[in-house]
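Only one structure is covered here, and it is reproduced in the block below.
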Amino acid sequence: TFEFAPGIALFHSTDLVSWSPLGHVLTRPSQLPLGDTFSSFLGIYAPTIRFHNGVYYVICTNTNGSRNNDEKRTGMFIVKSTDPFEYGSWSDPLWIDLDAIDPSLYFEDGEVYITSPTGPSAIPIPPEYDFKDGIWGIQQAKIDIETGKLLTEPKVIYEGSGGRNPEGNRMQVCFKDTLINIFSLFLSHSQKKKKGPHIYKRNGKYYILIAEGGTEYGHMVTIARSDDISGPWEKCPHNPILSHRSLHSPVQGVGHGDLVETPEGHWFMVCHGIRPIGYPYGHVLGRETFLVPVTWSEDGWPIVGKLSSPGRLFMEMDGELPGSPPSLSQLLNKRDVSQLEVFTGPDSNILGPQWMTLGFLAPQLTNFNSDGTAVTLTGTAKTLSGSIGASFIGRRQQHIESGVLVTLKFDPKTQLDEAGISIFANPLFHYDVFLTKRAESGRSVVVRRTVDDFVVETTAVGVVAESVVLWVRLREESYLLGYVDEKGVEVELCKSRSRFLSTEVAGGFTGVIYGVYAQSSQEESAEFKDFTYQFTGI
C-alpha cells in the first residue's frame, strides 16, 4: 500500500480464488507513521504473513516513518493478531533494529528466524560492477518474536543465482482452518537487489525462494535448497522456476513469488505480474496477484505451471484447488457490470475496506459523514499535486475496461474551490474532472490533466443543476472524462492517453486509483453520492 492508508490490505478465502476483504492490518496512526509528503515510492513495502501457535504475524518495512525523540518509528517492524477477522485487532509495531526491506519469518523448534536482503558491504562485489548501493545478498538472524530484539548478529547466507534485482513477493498466504491473504505492492527502485527471501522445509530439505531480474519486464523467481537453514545452498538447475522475460504473453513482469501447501497436500505459488496495454507497453493496474499450480519433481525441485510448459503462467491452468472455487467462466465472462460502492464498512464511522486515502486518515475522517452511499468531504487547501492531507478517498482500478460515475453536489465560491473525480497515479500524474467556479462561465465543469510539470485544462462548461453526474472510463488505450448534461446525455470533455498514467511513465507501483476529492481554502463541503464502479471482463 506504500503511502496510502490504511496500510496492508487483508483478504480471506477458502478456495484460493475468491477473496473477501477483511480490511487492513495498519488501521491506526500509531501503526502507520508517515512523513508529511506523499510519494508512491515510499511507505509500506512488501509484507509477509505467517501463522504460528495460534498467532498471525506480519513483518514488513515502513520506509517513510519517523522518529519521535528517541523512539524508533521507521524501518522494519512486526505486528500480530490472534483474530484477523476483527477490525483493529493488530498490535502496534515492534520495531526491529535491522535496516532492510522485504523481511520474512520462519519458525522451527522454538526458534524464529528473520531473513531479509542485505547491502553490498556484506558480499564481495565483482570488480566489473561499480555500484555504490543496492542489495547483493540474503541475510539471516534469530529474533525474539515477543520483543523484536535480534538474538544473533545478521549473517549473509545466500548470494542469489546471479540475476538482477532478486526480490520478494506481492501476496503472502498462510493456512489455519481457512486462508488469509495479505498483500502490499512491492518497491524495487535500485538496480542490483536481492530481496524478499522466504524459507520453507520439505522432506528434510530447506528451500530459499527469492525473485530476481527486477520488478519490471525481466522479473523471475529462483530457488535453492540446503540441508541446513543457513546454507550452503544448492541452486535449482532449472532456475528461474518462473519468468515471462522475453515471452509473448498478456501477463508480464511475473515474479515475487511465495509457496503454499493446501490442507490436502497440493502446492501453489502466488506471485505478481502486470498486464500492459498498447505499444510501447504501459500498465495502469499496478501489480496484480496471480495463482500458479506447483508440482514437485522426483529429485525434489518445484515445477511451476504446466508440466508441458514449466515456468510459465497462463490465464487458464489446472490445479487441485481447495473448497468450491467459482468456474473460470464466472470469473472471465463478466460483462458490463455496474457496482454501486458503499463508502462505509461494518462500522458506519469508518470507510469500507476498498477505500484508501493519501497518507493517513486525518484530516479526512474529521470531514467524513456517510449514509452508506453518500459521503461529504470538506475541502482543504491541500491539492492532489501537493503533500499528504488532501481531502481524497479512492479505490483501485481493478479492470482494464472500467470507469466510475458519481453524483456531485457542490457550490464553489471561488476559482480555488473544486471537487470531482480524479484518475490518480501519483501527485505528478493524474487526470481530473471537477466542478469549480470560473469568471467567464460561473459554476462549471472542467477537466485538468497533470503530466509531470505539464498542466492542461479544457474549456470550462457552465452548469446550473444543483447536482451534476461526473464520469470517467478507460476504453482501449485512452481515458475519457466528462459529465451528464441536463438532458441526461453523456458529454465527453476530454480523451487522453492512458500511457501517461502508466507505471512506465508515471512511476510508482500501486497503479491508478479512481477517487473523489474536494479542495477549498474556505473549507467548502462537497457531497458525493452513488459512486458506481463499472467494468467489463478482467
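The values are calculated or read from the model by the stated rules, or taken from the named source; none is laboratory data. Remember, it's a predicted structure, so these values are computed and weren't measured experimentally. A quick note on method: Cβ atoms are made from the backbone with ideal geometry, for glycine too, and the neighbour counts reach across all protein chains shown. Side chains are part of the model used for accessible areas, which takes the heavy atoms of the whole protein and leaves out ligands, DNA and RNA. Shrake-Rupley method; radii C 1.70, N 1.55, O 1.52, S 1.80 Å.
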Next item on the list: Could you list all residues from the range 201-243 that are of a type in the set (Phe, Trp, Tyr) and either farther than 21 Å from MET315 by Cβ or not in a loop (DSSP other than H, G, I, E, B) (or both)?
Entry: TYR206, TYR207, TRP233
Next item on the list: Looking only at the range 518-531, decide whether some residue is over 18 Å from GLY420 (Cβ atoms), open to solvent by less than 40 Å² (accessible area, probe 1.4 Å) and in contact with a strand residue (DSSP E or B) (Cβ under 9 Å, 6 or more places away or on another chain).
Entry: no
Notebook entry, point to check: Restricted to the range 70-103, and to residues that are of a type in the set (A, V, I, L, M) and in a strand (DSSP E or B), which residue is farthest from the chain's Cα centre (by Cα)?
Noted result: LEU94
Check: Under the condition of being open to solvent by less than 30 Å² (accessible area, probe 1.4 Å), small (Gly, Ala, Ser) and assigned to a strand (DSSP E or B), which residue from the range 370-419 is nearest to TYR514 (Cα to Cα)?
Finding: GLY394
Margin query: Name the single residue that is least open to solvent (accessible area, probe 1.4 Å) among those in the range 1-31 being part of a strand (DSSP E or B) and of a type in the set (Ser, Thr, Tyr).
Written below: SER13
Next item on the list: Quickly run through the range 316-348 and pick out the residues that are open to solvent by 50 Å² or more (accessible area, probe 1.4 Å), of a type in the set (A, V, I, L, M, F, W, C) and either in a helix (DSSP H, G or I) or farther than 30 Å from LEU377 by Cβ (or both).
Entry: LEU321, LEU328, LEU331, LEU332
Checklist line | Tabulated pairs, the range 433-455, first surrounded by fewer than 20 Cβ atoms within 10 Å (Cβ to Cβ) and of a type in the set (Val, Ile, Thr), second assigned to a strand (DSSP E or B) and at pLDDT 95 or above, C-beta under 9 angstrom, 6+ apart or interchain | finding: VAL451/PHE429; VAL451/HIS430; VAL451/TYR431; VAL451/SER496; VAL455/ARG448; VAL455/ARG449
Next item on the list: Among the numbered conditions (1) within 28 Å of ARG475 (Cα to Cα); (2) surrounded by 16 or more Cβ atoms within 10 Å (Cβ to Cβ); (3) modelled with pLDDT under 95; (4) in contact with a Leu (Cβ under 9 Å, 6 or more places away or on another chain), tell me where ILE423 comes up short.
Entry: (3)
Next item on the list: Would you mind stating whether GLU440 is at pLDDT below 95, among the charged types (D, E, K, R) and over 23 Å from LEU358 (Cα atoms)?
Entry: yes
Margin query: Return the residues of the range 211-228 that are β-branched (Val, Ile, Thr) and either modelled with pLDDT under 90 or out of contact with any Cys (no Cβ under 9 Å at 6 or more places or on another chain) (or both); say none if nothing qualifies.
Written below: THR215
Check: Going by the structure shown, is SER40 out of contact with any His (no Cβ under 8 Å at 6 or more places or on another chain), part of a loop (DSSP other than H, G, I, E, B), hydroxyl-bearing (Ser, Thr, Tyr) and surrounded by fewer than 17 Cβ atoms within 10 Å (Cβ to Cβ)?
Finding: no
Checklist line | Unique residue being open to solvent by 30 Å² or more (accessible area, probe 1.4 Å), part of a strand (DSSP E or B) and touching a residue at least 24 places away in the same chain (Cβ under 8 Å) when the list is ARG473, ARG499 | finding: ARG473
